[in-house]
1. Quick one: if you stick a label point 7 Å off each Cα along the C-beta vector at residue 196 and residue 280, how many nm between them?
2. Enumerate the residues in region 145-160 having an amide nitrogen under 17 Å from the point lying 7 Å beyond the Cα of residue 396 toward its Cβ.
3. Can you give me the distance in nm between label points at residue 469 and residue 535, each placed 7 Å from the Cα along the Cα-to-Cβ direction?
4. How long is the gain from residue 189 to residue 44 if the chain were fully straight, where each residue apart is worth 0.36 nm and the alpha carbon distance is subtracted?
5. Which loop trypsin sites (Lys or Arg not before Pro) in region 210-259, with loop taken from DSSP, have no more than 12 other Cβ atoms within 10 angstrom of their Cβ?
6. Dipole magnitude of region 281-406 about its Cα centre, charges +1 at Lys/Arg Cβ and -1 at Asp/Glu Cβ only, in debye to the nearest 20?
7. Counting other beta carbons within 10 Å of each residue's own, what order do 380, 456 fall into, fewest first?
8. R0 = 56 Å: FRET efficiency of residue 450 with residue 369, Cβ-based, nearest 0.05?
Amino acid sequence: MLESACIDLWEITDMGHGHDHHHHHDEVHQGSDVSPALDLSIPDSELSPSDVSRRGFLRGAGLLGAGAAASVLANPSPAAAHGSGPGSSGAGLTWLSGDHHIHTQYSSDAQYRVIDQARHGRAFGLDWVVITDHGSATHAKIGVDLVNPDIRKTREELRDLLTFQGLEWNIPGAEHATVFVTPSKNEVEVLKKFEQNYDGSALPATNTNEQNEAAAIAGIKFLASQVKARKVDGALFFANHPARRGIDSPHEIRNWRDADPTVAVGFEGAPGHQAAGIPAPNGRGGARGYYDNNPSAASFPGYPLESYRTWGGFDWMTATVGGLWDSLLAEGKAWWITVNSDSHVNYLDQSDRGPDSNFEVNGKYNDPVYTGKTLTTAGDFWPGFYGRTTVGATSWGYKQVMDGLRAGRVWVDHGRLVKGVDARVRVAGDRRGSSGTGLGGVLHVKRGTSTEITLDIDLQDVPNWAQFVPVLKRVDLIVGTVTGPVADEDAYTAPNTKVVKSFEISKKSGRASITYSFGRLDKPFYVRVRGTDGNRTQPGLMGPGVDPYGPKLDVIGDADPWGDLWFYTNPIWVLPR
């Protein structure tokens, strides 16, 4: 990581990771101990020779700082039992599925009540949702205040659902982002100040690109300042549909992350609006995610034309092995992926906005009414109906979900492809049940130590919401060398990242368990996991030697989302001492 992005590791802990400083475990096996070399509050002069050497290596690799190294702190100590509910693999964690991108009648292009979206999300298996109405001049003036009572009522009515308040930020000079905070008496104040001062719609139209990019960075830093001032316990940023229009340049994404890695933590690995790909006459006959654009004057000129389409429903930045996401991970930057619904108006619903609505005056549409007309051309699914982001939390709660997201303890899937994913990297041969480092974590081992990954995937055995049981056909291990900071901030490739092994899954039920050895460690690396139903594949953009059976480029007008299902995990790093 860039040294300019570094902040004190203990400060990250205090700002939301919730790790007990006194519960250290053996570093090689658990990946949860923090050596003096990683504690930047200790000067080099007070370190042992071995720690000085290690710190020098990590600095040289760009790995000493707030991102990947801090993930060591983010891994909770293994506890006694597995979590409960779907996706419950992972010792000591409760896996909670959610959606961080949902619109209501307080958005100018949506229609549902907060309680409508929340009830459907809960009915379709979600544990947490984030209400993210569009940032705009109207929303900044009255929308943040107006929606809050509805959110609070929803929290009271649906006590088994965590309902966050957020907004969809018009990032100055770029696309949109989810911004949300932990519930508190200050949630409206923080979000309102943020939107009024940093939303792209509120800034002068005469701003230069440089001024807009600076405003985006200032907005992220403002959110961090509100956490530090204890206005809220946590605030998070996820860039939404990052490749849709090609205007989120690689250097902007890096700058958002480096502005404050405790706030800016990732982007949508797959956009919402997945129903838009259902072929006509049964559906809209468009593009999954509304990814039907072409380059414009505002687009980053380096992006290939293929980046303006989804691949197996996923954004090109995530779907391309050795692409932009991997270029961030190869730097050692902690940057996570999610999926969600981006629900505005939902496929096969039979309602419309209430009559006599005046959004500009009232900041909302009147409550929706039944029409009897089926919306076959709507592009969205209800929250939880198709995509979900599953987070490993230490327990049930708002802060715990945010901490899990910030730590990268996340896997995502479409169409309920699998029930659960537990990925752990450990020293080869260590078979203790709770050993190993999980998603988002960093395992530190002595150079020359053999390491391995173990995967336990709970296969799906109940129908999804399209009423069929998905079948996992293949799992891919993707490995990349950590090479440190890039010379070009607009780099978007990672030449050393590739699929190292694919596993055909023959079982149709129960648990598929996989072990793969990485051999003896001589370079820092990361590993991430991907799985598919195998219905649509093609070599990745970087060629068959990098990704022989990757997701296929989606075709506008013929992209049934239910016929092409994938899951992805966030990475695990392995670093030599």
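Since every read-out is calculated from the coordinates, none of them should be taken as a lab result. Everything quoted here is computed from the prediction, not taken from an experiment. We place every Cβ from the backbone using ideal geometry, glycine too, and count neighbours over all the protein chains shown.
1. A separation of 4.6 nm, rounded to one decimal place.
2. Under 17 Å, as judged by backbone N against the label point of residue 396, lie 154-160 of region 145-160.
3. For residue 469 paired with residue 535, the spin-label model returns 1.7 nm.
4. 48.0 nm
5. Values: sites: 221, 228, 230, 231, 244, 245, 254, 257; in loops: 230, 231, 244, 245.
For trypsin sites (Lys or Arg not before Pro) across region 210-259 that sit outside H, G, I, E and B with at most 12 neighbouring Cβ atoms in 10 Å, the list reads 230.
6. Roughly 200 debye for region 281-406.
7. Placing the least packed residue first, the sequence is 456, 380.
8. Efficiency at R0 = 56 Å is approximately 0.30.
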